[in-house]
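Read the structure below first, then the notes.
The values are calculated or read from the model by the stated rules, or taken from the named source; none is laboratory data. Not measured: the values here are computed from a predicted model. Counting neighbours? That spans all protein chains shown, and the Cβs are built from the backbone with ideal geometry, glycine included.
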Amino acid sequence: MIRAGSLRHSIQIMTYTSITNDYGEVIKTPVVKNTTRASVSPITGKETFNYGLVNSVSHKITISGKIDVQPEDEIIFDNRTFDIEYILDYNELGREKLILAIEKMDR
């Protein structure tokens with residue numbers, strides 16, 4: 001069960017839609033799919049070892065299980081963008097989802 005106080009961050013779940021412009025080019029544009037409360041925290045070394053995630057995931061994000069999120073979506077938190085790697089239905093009850101994500105770094 002999620003404790004309401006633990007979801008202290010506001011995140012946006014973004015998806016991409018394809019739009020054809022006046023010249024016939026297909027352009028992917030980001031669209032806000034949902035704004036929700038979440039818990040966002042970095043993955044610890046122990047969790048990396050336990051999950052078997054060697055250098056592949058940087059953060060874990062917990063949200064309500066009722067929120068629609070897909071692996072091809074992105075998460076925006078505090079002007080930071082995260083690519084979704086895994087979505088786990090915690091305890092298989094549909095009450096909370098654990099998202100394992102990689103933070104995109106601007107270069």
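From (1) loosely packed, with under 11 Cβ neighbours inside 10 Å; (2) closer than 24 Å to residue 95 by Cβ; (3) touching a residue at least 12 places away in the same chain (Cβ under 8 Å), pick out the condition that doesn't hold for residue 36.
(1)
Just name the residue that is surrounded by the fewest Cβ atoms within 10 Å (Cβ to Cβ) out of those in the range 1-18 that are modelled with pLDDT of 90 or more and of a type in the set (A, V, I, L, M, F, W, C).
14
Evaluate the following for residue 53: is it among the aliphatic types (A, V, I, L, M), surrounded by 15 or more Cβ atoms within 10 Å (Cβ to Cβ) and at pLDDT below 95?
So residue 53 passes the test.
Looking at this structure, is residue 99 touching a residue at least 40 places away in the same chain (Cβ under 8 Å) and crowded, with 16+ Cβ neighbours inside 10 Å?
Answer is no for this residue.
So which of 75, 84, 27, 63 is assigned to a strand (DSSP E or B), closer than 15 Å to residue 12 by Cα, without any contact (Cβ under 8 Å) to a residue 24 or more places away in the chain and of a type outside the set (D, E, K, R)?
84
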